[in-house]
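Since the structure comes first, as structure tokens, the remarks are kept for the end.
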Amino acid sequence: MKALVLLLVVLFGVWLWRRGRTLQTPPVPPAPQVSAPAQPMVSCTRCGVHLPQSLAVRGRQGDYCCEAHRREAEGG
Ligand SMILES: [Zn+2]
């Protein structure tokens, strides 16, 4: 019976030791969030304001900040 208790104590000790080791390992730093990849910036052909290409209005002569400026510049 004494041997069994000793075995349990040793197992518990090993468990604690392994647990301590896993806790000591430094946490893996989270990968930098690349949620929004750098968007190419364009400037409005009409007024020159800079804006991400995804927000720009495509025109025949270039990119514009809004539909009104595209119309003003291209007359359409
Ligand atoms: Zn503009």
Can you tell me the equivalent ellipsoid semi-axes for the range 32-76? Use √(5λ) from the Cα gyration tensor, largest first, whole Å. 25, 8, 7
Under a crude label model (7 Å from the Cα following the beta-carbon direction), how far is R60 from L8 in nanometres? 8.9 nm
For the chain, with equal point scatterers placed on the C-alpha atoms only and solvent neglected, what are the log10 I(q)/I(0) values from the Debye formula at q = 0.24, 0.25, 0.26 1/Å, to two decimals? -0.99, -1.02, -1.06
So which residue, out of Q39, Q53, Q24, gets the largest mean-square fluctuation from a GNM of the chain using Cα contacts under 10 Å as springs? Q24
With each pseudo-label sitting 7 Å past Cα toward Cβ, what's the R18-M41 distance in nm, one decimal? 5.5 nm
Amide hydrogen neighbours beyond the local backbone of D63, cut-off 5 Å, H modeled: T45
List every residue whose amide H lies under 5 Å from the amide H of V42, counting only residues 5 or more places away in sequence or on a different chain, with H placed 1.01 Å from N in the peptide plane. L51, Q53
Taking the simple approach of a point 7 Å from Cα along Cα-to-Cβ for both M1 and E67, what is their distance in nm? 8.9 nm
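Only the coordinates and a few stated rules stand behind these numbers; no lab work does. Since the structure is predicted, the reported quantities are computational estimates derived from the model, not experimental observations. Note: ideal-geometry Cβ built from the backbone for every residue, glycine included; neighbour counts use all protein chains shown.
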